[in-house]
Amino acid sequence: MWYLCVFYHRLLDYRKPEFESLAHLFGAFDDGSNDNQSLEWKLPEHHHPDSPFHFVNLPNEDIARKIANRSILVKGLYEIWGEGSSYEELKEAINSFPDDRKLPYLTSDSTFRIIIDSFGKAIPFKDQTDRIKGMAYIPFQGRVDLRNPEHKFWLIETDDYGTNNGLPPVVDKRIFFGREIGAADRKLLPTYQLKSRNYLGPTAMDAEVAFLMANQAQAMPGKLVYDPFVGTGSILVAAAHFGAMTMGADIDIRVVRDGRGPDCNVWSNFKQYGLQMPVSLLRADNNLPPWRPGLKEIFDAIICDPPYGVRAGGRKSGGRKLLKGVVGPYTVPDEKRTGHIPSTASYSLAECVHDLLDLAAKMLVMGGRLVYFYPVLRDSDISLSVKTIIFESLFLRGRVDLRNPEHKFWLIETDDYGTNNGLPPVVDKRIFFGREIGAADRKLLPTYQLKSRNYLGPTAMDAEVAFLMANQAQAMPGKLVYDPFVGTGSILVAAAHFGAMTMGADIDIRVVRDGRGPDCNVWSNFKQYGLQMPVSLLRADNNLPPWRPGLKEMFDAIICDPPYGVRAGGRKSGGRKLLKGVVGPYTVPDEKRTGHIPSTASYSLAECVHDLLDLAAKMLVMGGRLVYFYPVLRDSDALDVNFPEHPCFKLIASCEQILSYRYSRVLLTMVKIAPYTDEIAEAAQAQHLDFKENHLKWLEEGNLHAAVFSPEFPLVDDGDSLSSKDSKKKYRGKYV
């Protein structure tokens with residue numbers, strides 16, 4: 001029976017081998033009809049071989065479901081009820097699909113759900129709803145259940161390639177509709193991701209690749225899997241997840257015996273996920289295996305990543321003097337064996353692979369599998385004649401130094417766009433050769449990534465964006481940078497990295513004063529990276545700035561991310577009763593000031609931006625820069641927004657960051673071109689009132705959160721809709 005297999009669009013060379021390995025594991029070839037032990041595949045019409053869509057012939061639905069549920073790279077397997085290049089063709093194909101295969105899944109006592117998916121484009125929510133309503137010609141009798149339906153039906157569109165999925169253009173798109181047979185476990189990789197692993201080393205295998213290797217080895221309950229280069233056990237963890245018994249060895253006794261302590265070792269990785277512990281972890285040498293003579297065929301699979309000198313070089317037993325015959329073999333005294341670390345020597349890849357194949361030939365059962373990585377050097381696609389012309393004509397006479405060369409030369413190819421970079425096709429590729437003048441610091445972003453930051457909050461700015469804002473503000477030594485909404489200090493950390501003096505303020509005194517303790521606060525973030533501490537961190541209100549009258553032009557740059565109601569709403573001093581005049585101002589007694597948290601009220605985005613521009617006009621030096629994010633709602637693909645203006649400033653850059661199909665934010669960079677005067681203050685107030693009057697309602701209310709979450713297209717209960725009717729507001733921001 002033919003099924004549509006939809007792969008994840010990654011690790012393209014791994015997809016079919018993994019699928020066929022699982023097909024063999026679950027008995028797809030047990031009937032003996034296929035002597036080649038390979039499946040029959042075919043592509044949908046007009047599809048490229050690298051497309052994620054393939055038709056595959058499998059004996060029955062049970063095998064298909066088992067393969068899909070276990071596979072790492074299969075997104076889903078579907079029984080196709082119809083396909084076509086248009087919705088009219090699709091409807092005709094679905095109506096002609098045999099009723100005896102459709103009706104069992106359309107009964108009144110069943111529950112179902114229709115899911116819209118696409119490849120090559122994102123389908124807006126309204127269009128998804130329209131497509132679901134358009135399937136009303138299918139006689140569904142059951143009840144819609146969006147959480148746990150008995151049957152899931154998928155409507156999948158493939159866009160005309162070449163737009164944004166890296167595949168070459170095709171003549172026409174295809175539309176598929178079918179019933180889901182099985183789908184991959186989406187929680188598997190997040191659960192086993194390395195960043196949450198208890199015990200890690202420099203050669204730990206990525207979780208996704210480890211599971212692929214375990215599938216290639218057909219790990220399952222009752223099988224014994226061996227890794228002769230076990231390291232921190234990543235590959236065996238994947239095999240144990242599928243129920244296999246595991247056993248490992250490593251030449252470094254500190255890895256298999258000690259780890260980093262009793263609660264941080266190879267065993268703790270298995271305990272972390274509640275997996276069956278390994279049968280044994282040996283200190284053993286692949287060059288001198290520990291097995292007794294005559295022992296053979298005990299492992300069902302050997303899975304490993306041999307050391308080949310990139311992250312770790314291969315080692316074998318015996319020091320250089322022993323291998324050269326300068327000294328003879330020796331026996332370690334009993335009293336020294338506990339702490340003894342045997343000497344080792346270099347172990348070439350050729351010798352390592354030979355020993356591995358010899359071990360596998362002896363110790364694997366008949367039909368057992370050996371799965372391992374082998375390194376290769378890839379020759380460039382440039383012809384030899386081009387290389388010869390370039391390099392022979394240069395007369396390069398210096399010494400090659402791959403670590404710290406005085407000069408770096410780059411040979412760069414640009415491929416014909418449209419294959420794998422998402423750009424439209426061009427006529428011809430280009431090849432460049434030149435000397436490197438400078439390059440970005442590749443260690444910067446990994447060093448400052450948020451997941452390793454000491455003190456974080458819900459509005460912490462991403463490290464990359466914070467550094468971009470600091471560059472837009474021209475942060476450098478000798479400049480003073482101010483953030484009036486400092487939060488956990490992410491933006492000021494970036495400015496301080498470039499040598500600028502920093503100063504921040506926030507209306508929440510708990511953030512700037514307390515944090516989460518003496519070692520987890522804004523100050524600790526600067527201490528973590530060895531940066532110059534801020535000049536000051538104030539409890540201050542952007543609506544009522546704390547500066548004395550007459551103080552002005554003291555900051556070289558103001559950088560901030562004003563609150564606009566998505567992750568945090570704006571607040572200003574004064575409770576609602578105070579602002580409405582119900583109660584008067586009050587003075588906090590001295591004995592209560594230490595623990596006092598001032599009351600606050602809602603602070604609209606329009607008022608917040610006006611106060612920010614007024615503050616910057618007063619406090620920035622001439623030529624100083626104001627860099628801040630401004631939110632916008634996207635009504636169409638084109639961005640046509642009137643940004644706030646001020647007579648003191650000139651807008652020099654606006655950079656949009658799309659966060660969802662309805663919501664984005666724009667990084668505005670403004671430079672001060674005129675001094676602040678009373679006349680300018682009046683003109684700025686007039687501009688502010690005009691801006692408020694003519695702008696969207698959500699801006700005045702300061703509640704972008706409601707605009708993102710509110711249903712833009714309310715569904716009408718007409719009795720024929722196949723969608724679930726739910727009056728609860730739906731989340732509409734995919735990436736917010």
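The values are calculated or read from the model by the stated rules, or taken from the named source; none is laboratory data. Computed from a predicted model, the values in this text were never measured in an experiment. Counting neighbours? That spans all protein chains shown, and the Cβs are built from the backbone with ideal geometry, glycine included.
Pairs are defined by a Cβ separation below 6 Å, a sequence spacing of at least 6 or placement on different chains, a first member in the range 349-378 that is closer than 23 Å to Thr203 by Cβ, and a second member that is assigned to a helix (DSSP H, G or I); the pairs so defined are Leu370/Ala360; Val371/Met213; Val371/Gln216. Is it the case, given these coordinates, that Ile123 is at pLDDT 90 or above, surrounded by 15 or more Cβ atoms within 10 Å (Cβ to Cβ) and in a loop (DSSP other than H, G, I, E, B)? For Ile123, the condition - at pLDDT 90 or above, surrounded by 15 or more Cβ atoms within 10 Å (Cβ to Cβ) and in a loop (DSSP other than H, G, I, E, B) - is not met.
Restricting attention to the range 503-536, the residues being under 28 Å from Thr677 (Cα atoms), among the hydrophobic types (A, V, I, L, M, F, W, C) and touching a helix residue (DSSP H, G or I) at 6+ places or on another chain (Cβ under 9 Å) number 2.
To keep it simple, each residue is scored yes or no on (1) outside the structural domain of Met619 (by TED's automatic domain parsing); (2) small (Gly, Ala, Ser); (3) at pLDDT below 95; (4) assigned to a helix (DSSP H, G or I).
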residue	(1), (2), (3), (4)
Pro477	no, no, no, no
Val481	no, no, no, no
Val486	no, no, yes, no
Val493	no, no, no, yes
Ala496	no, yes, no, yes
Gly499	no, yes, no, no
Thr502	no, no, no, no
Val512	no, no, yes, yes
Gly517	no, yes, yes, no
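Taking residues in the range 268-286 that are more than 14 Å from Arg197 (Cβ to Cβ), and partners anywhere that are surrounded by fewer than 14 Cβ atoms within 10 Å (Cβ to Cβ), the pairs with Cβ atoms closer than 6 Å and at least 6 places apart or on different chains are Ala284/Pro290.
Kindly evaluate Asp130 against the criterion of being surrounded by fewer than 16 Cβ atoms within 10 Å (Cβ to Cβ), farther than 13 Å from Trp154 by Cα, charged (D, E, K, R) and without any contact (Cβ under 8 Å) to a residue 12 or more places away in the chain. Judged against the criteria, Asp130 is a match.
For the structure I just gave you, tell me whether Leu544 is of a type in the set (A, V, I, L, M) and farther than 30 Å from Glu607 by Cβ. When the stated conditions are applied, Leu544 does not pass them.
One line per residue, one yes/no per condition, for (1) aromatic (Phe, Trp, Tyr); (2) within 31 Å of the chain's Cα centre (by Cα); (3) part of a helix (DSSP H, G or I):
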{"residue": "Asn198", "(1), (2), (3)": "no, yes, no"}
{"residue": "Pro202", "(1), (2), (3)": "no, yes, no"}
{"residue": "Ala219", "(1), (2), (3)": "no, yes, no"}
{"residue": "Gly222", "(1), (2), (3)": "no, no, no"}
{"residue": "Phe229", "(1), (2), (3)": "yes, yes, no"}
{"residue": "Met247", "(1), (2), (3)": "no, no, no"}
{"residue": "Arg260", "(1), (2), (3)": "no, yes, no"}
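Filtered by the rule that a residue be assigned to a loop (DSSP other than H, G, I, E, B), of a type outside the set (Ser, Thr, Tyr) and surrounded by 13 or more Cβ atoms within 10 Å (Cβ to Cβ), the range 262-278 gives Cys264, Asn265, Leu275, Gln276, Met277, Pro278.
Please find, within the range 237-254, the residue that is surrounded by the fewest Cβ atoms within 10 Å (Cβ to Cβ) out of those that are touching a Ser or Thr at 6+ places or on another chain (Cβ under 7 Å) and in contact (Cβ under 8 Å) with a residue 60 or more places away in the chain. If we take residues in the range 237-254 being touching a Ser or Thr at 6+ places or on another chain (Cβ under 7 Å) and in contact (Cβ under 8 Å) with a residue 60 or more places away in the chain, then Ile251 is surrounded by the fewest Cβ atoms within 10 Å (Cβ to Cβ). Looking across the range 329-349 at every residue that is out of contact with any Leu (no Cβ under 7 Å at 6 or more places or on another chain) and in a strand (DSSP E or B), the one that is farthest from Asp285 (Cα to Cα) is identified as Ser346.
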